[in-house]
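The values are calculated or read from the model by the stated rules, or taken from the named source; none is laboratory data. Bear in mind the structure is a predicted one, so any value in this text is a computation, not a measurement. When we count neighbours, we look across all protein chains shown, and the Cβ atoms used for this are built from the backbone with ideal geometry, even at glycine.
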Amino acid sequence: MRLYPKLVPIIAREIIQKLMQDGDLEIEAMRQADAEMDLAAIMREYLANEERVNQATQEALARRGYDNSKFGQVKREMADVRGFKLGDEGIEFVINQMLEFMLVSRNVEEVFAADNEMRPKLAQIMKRHLDIDEEIDREAKSRVRHLQEGTSAYEIEYQKTIEQIRRARGLI
């Protein structure tokens, strides 16, 4: 699962709308956009921290003389050292931050639901937008099925197709 910066405002808007529609939150109409921006800021901060971990990973790879094939392994090490959560744990962390924010925000008038009632709603919205990579992968594989998987021609065409699909969907 990957959080794309261009999806951040969409996710924030959907979360606020869903929680208001279900009666979990009360937000004045004038403050709804501010509440959305606050949730977006939480996600952007997560992305900024992830970028710092990625930079530290690149530096560690260079220092150790490793190639990019060990990127995932070294990234997990860098994330652990910094206490940064990756993957599903990272999404849980972001959701917890959002729930905490709603309780203290001056943009949220009242919170009527408990965390355990709102958490699945936030997770569902996040998952719907973060599972887009799997959908893109399936589409790309269907477009390059005429090539033999595992060949260099397949890999090159597959990466180009992934890039085209992401660009077409406005993700990059």
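Please give the number of the condition V81 fails out of (1) more than 30 Å from G23 (Cα to Cα); (2) in contact with a Leu (Cβ under 7 Å, 6 or more places away or on another chain).
(2)
Select from the stretch 110-162 the residues that are in contact (Cβ under 8 Å) with a residue 24 or more places away in the chain, more than 14 Å from I91 (Cβ to Cβ) and among the hydrophobic types (A, V, I, L, M, F, W, C) and list them in ascending order.
Once the filter is applied, which keeps residues that are in contact (Cβ under 8 Å) with a residue 24 or more places away in the chain, more than 14 Å from I91 (Cβ to Cβ) and among the hydrophobic types (A, V, I, L, M, F, W, C), the stretch 110-162 yields V111, F112, A113, M118, I136, A140, I162.
Please indicate, with yes or no, whether at least one residue in the stretch 77-89 is farther than 24 Å from R128 by Cα and small (G, A, S).
Yes, the stretch 77-89 contains a residue that is farther than 24 Å from R128 by Cα and small (G, A, S).
Has the stretch 28-51 got any residue that is closer than 22 Å to Q124 by Cβ, in the same structural domain as E117 (by TED's automatic domain parsing) and in contact with a strand residue (DSSP E or B) (Cβ under 9 Å, 6 or more places away or on another chain)?
Yes, the conditions are met somewhere in the stretch 28-51.
Pull up the stretch 6-44, narrow it to residues that are touching a residue at least 40 places away in the same chain (Cβ under 8 Å) and surrounded by fewer than 14 Cβ atoms within 10 Å (Cβ to Cβ), then point me to the one that is nearest to the chain's Cα centre (by Cα).
Looking at residues that are touching a residue at least 40 places away in the same chain (Cβ under 8 Å) and surrounded by fewer than 14 Cβ atoms within 10 Å (Cβ to Cβ), I get K6.
Considering only residues that are in a loop (DSSP other than H, G, I, E, B) and of a type in the set (G, A, S), look in the stretch 60-91 and name the one that is surrounded by the fewest Cβ atoms within 10 Å (Cβ to Cβ). Show your work before the answer.
Taking the stretch 60-91 as the starting set, the residues that turn out to be in a loop (DSSP other than H, G, I, E, B) are 65-67, 83-86.
Okay, now just the ones that are also of a type in the set (G, A, S), so 65, 83.
Values: G65: 6, G83: 8.
The extreme case among them is G65.
What is the one condition in (1) of a type outside the set (V, I, T); (2) closer than 24 Å to D131 by Cβ; (3) free of Cβ contacts under 8 Å to residues at least 40 places away in the same chain that R52 does not satisfy?
The single condition R52 does not satisfy is (2).
Restricting to the stretch 147-172, and then to whatever is in a helix (DSSP H, G or I) and β-branched (V, I, T), can you tell me which residue is surrounded by the fewest Cβ atoms within 10 Å (Cβ to Cβ)?
As a first pass, look at the stretch 147-172 and keep what is in a helix (DSSP H, G or I): 152-168.
With β-branched (V, I, T) added as a condition, the list becomes 156, 161-162, 165.
Values: I156: 12, T161: 18, I162: 18, I165: 17.
Filtering the stretch 147-172 for residues that are in a helix (DSSP H, G or I) and β-branched (V, I, T), the one surrounded by the fewest Cβ atoms within 10 Å (Cβ to Cβ) comes out as I156.
In the set V94, V144, V104, which member is surrounded by 12 or more Cβ atoms within 10 Å (Cβ to Cβ), of a type in the set (A, V, I, L, M) and either in the same structural domain as I165 (by TED's automatic domain parsing) or closer than 16 Å to L25 by Cβ (or both)?
V144
Among the residues of the stretch 1-39, which ones are under 22 Å from G90 (Cβ atoms) and in contact with a Phe, Trp or Tyr (Cβ under 8 Å, 6 or more places away or on another chain)?
Those that are under 22 Å from G90 (Cβ atoms) and in contact with a Phe, Trp or Tyr (Cβ under 8 Å, 6 or more places away or on another chain): L3, D38, L39.
For the stretch 92-139, name all the residues that are outside any helix (DSSP H, G or I) and under 18 Å from the mean Cα position of the chain (by Cα).
Correct list: D131 only.
Given the structure, is Q73 farther than 24 Å from L103 by Cα, out of contact with any helix residue (DSSP H, G or I) (no Cβ under 9 Å at 6 or more places or on another chain) and in the same structural domain as L103 (by TED's automatic domain parsing)? So that I can check it myself, show each step before the final result.
Details: farther than 24 Å from L103 by Cα: yes; out of contact with any helix residue (DSSP H, G or I) (no Cβ under 9 Å at 6 or more places or on another chain): yes; in the same structural domain as L103 (by TED's automatic domain parsing): yes.
The answer is yes for Q73.
Failed condition for I125, given (1) hydrophobic (A, V, I, L, M, F, W, C); (2) under 23 Å from I15 (Cβ atoms); (3) surrounded by fewer than 15 Cβ atoms within 10 Å (Cβ to Cβ), with all others met?
The failed condition is (3).
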